Amino acid sequence: MGQYENIMEAVESIRARSPLAPRAGVVLGSGLGEFANRVADAVAIPYGEIPHFRQAGVAGHAGRLVLGTVGGVPVAVLQGRCHYYEGHDIEDVVFPVRVLGKLGVGGLLLTNAAGGIGQALRPGDLMVIRDHINLMGLNPLRGANDERLGPRFPDMSAVYDPAFQESIAAAQAALGLQPKKGVYLALSGPSYETPAEIRMLAALGADAVGMSTVPEAICARHLGLRVAGVSCITNLAAGISAQPLSHREVTETAERVKNDFIRLLELVI
Ligand code: HPA
C-alpha cells in the first residue's frame, strides 16, 4: 500500500477510538511531554496501537497520541516523536504530522529542545521560531509527489504563520516571559555540534540548533496547515559555553521550565 493509504488507515483507526475532530495539533519535543497531561477528557493511544506509527525512541519521549480539549479547544497532541537520527526513514518521521493533517487539524504547533546560538538566548528561554534552515541533508518531500498530500513545489516563504507568531509573543508577554524569536536550524544529529560548526551556523543566520521539527514543518506546509514553532533552549550550543553538552542537561532544563512551557501552550491554544 502507498503512503496515502497508510495515512488514511491510521486516521480511521484513531477515529474508531475517539470521535473528536481536533482543530489544533501539537508535537511535544524532548522533555516537554508533560503538557499532554493537561488535556481534558483525554483519550490516549500508544503509538504502537496506531497502524504504521513508529515508536518514539528517546528518553523523555512517551510515544502516544492524546486527543481531548485544552481550554475547550479540541486538540490532538503527539507526546513524543521519532527522529531521523534513530534510523527511521524520513517518511516515517513525518507520518504522524500527516495523520494529524488528515484528521482535520488546521493549525500545528511544533515544539522542540534546542541549543542556543544567538547571543540573546539563555538556557530556559522559550524561542518562537520565525523561520528555519534545513541542513538535515534531505527533504521529506523527495520522491513521487502525491497531490492528495500537497503540491510538487510548495512555497516555503512563510512557514511559521505570522499571526501565530504574534499570538505566541503576546502569550509570552502576558505570562511575563522574555519574548524571544529566532531562526531554528536542523541538522540530522545525533552527535552534538563542534564549536567550529556552531560558528558556521551562527554565520548562516541560525539562532538555535536541533535535530527535528523542520521535516514536520515542511510536510505540514505541504498539506496547507498553518504552522507555529517553539524551541525550548535547553543549553548553550557547543563552544558558546565551556561546558560539554549532555542529553541530561537538555532534559533537566526542559523539566525546569515545564510550568512556563505548559502555561504558554495553554494560552496559545
Ligand atoms: N544541538 C543540537 N540539538 C540539540 C541541542 C544542541 O545543542 N540541544 C538540544 N537539542
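The values are calculated or read from the model by the stated rules, or taken from the named source; none is laboratory data. Source: prediction; values computed, not measured. Every residue, glycine as well, gets a Cβ built from its backbone with ideal geometry; the counts of neighbours run over all protein chains shown.
Of the candidates Ala203, Ala217, the single residue that is more than 27 Å from Leu265 (Cβ to Cβ) and more than 10 Å from the ligand (Cβ to nearest atom) is Ala203.
Yes or no: the stretch 119-127 includes at least one residue that is surrounded by fewer than 18 Cβ atoms within 10 Å (Cβ to Cβ) and either free of Cβ contacts under 8 Å to residues at least 40 places away in the same chain or within 20 Å of Gln55 (Cα to Cα) (or both). Scanning the stretch 119-127 turns up at least one residue that is surrounded by fewer than 18 Cβ atoms within 10 Å (Cβ to Cβ) and either free of Cβ contacts under 8 Å to residues at least 40 places away in the same chain or within 20 Å of Gln55 (Cα to Cα) (or both). Tallying residues that are crowded, with 21+ Cβ neighbours inside 10 Å and either part of a loop (DSSP other than H, G, I, E, B) or away from the ligand (no atom under 16 Å from the Cβ) (or both) within the stretch 84-106 yields 9.
Each residue in the stretch 114-135 was checked for being out of contact with any helix residue (DSSP H, G or I) (no Cβ under 7 Å at 6 or more places or on another chain) and basic (Lys, Arg), and 1 pass. Taking the stretch 149-238 and the helices (runs of 4 or more DSSP H) fully enclosed by it, the elements with 1 or more residues that are under 19 Å from the mean Cα position of the chain (by Cα) are at 162-174, 214-222.
Pro179: modelled with pLDDT under 95 and away from the ligand (no atom under 12 Å from the Cβ), yes or no? Answer is yes for this residue.
Going through (1) more than 24 Å from Val250 (Cα to Cα); (2) within 16 Å of the ligand (Cβ to nearest atom) one by one, Ala42 falls short only on (2). For Ala196, the criteria (1) more than 13 Å from the ligand (Cβ to nearest atom); (2) closer than 18 Å to Gly107 by Cβ hold in every case but one, which is (2). Residues in the stretch 223-269 that are away from the ligand (no atom under 12 Å from the Cβ), at pLDDT below 95 and buried (at least 20 other Cβ atoms within 10 Å of the Cβ): Val257, Phe261, Leu264, Leu265, Val268, Ile269. Looking only at the stretch 179-213, how many residues end up being within 24 Å of Arg226 (Cα to Cα) and out of contact with any Gly (no Cβ under 9 Å at 6 or more places or on another chain)? Residues that pass the stated criteria total 3.
The single condition among (1) at pLDDT below 95; (2) part of a helix (DSSP H, G or I) that Ala120 does not meet is (2).
Checked against the criterion of being within 15 Å of the ligand (Cβ to nearest atom) and in contact (Cβ under 8 Å) with a residue 40 or more places away in the chain, the stretch 65-73 contains not a single residue that satisfies it.
Consider the stretch 1-26 and keep the residues that are in a loop (DSSP other than H, G, I, E, B) and within 21 Å of the chain's Cα centre (by Cα). The one that is surrounded by the fewest Cβ atoms within 10 Å (Cβ to Cβ) is Ala21.
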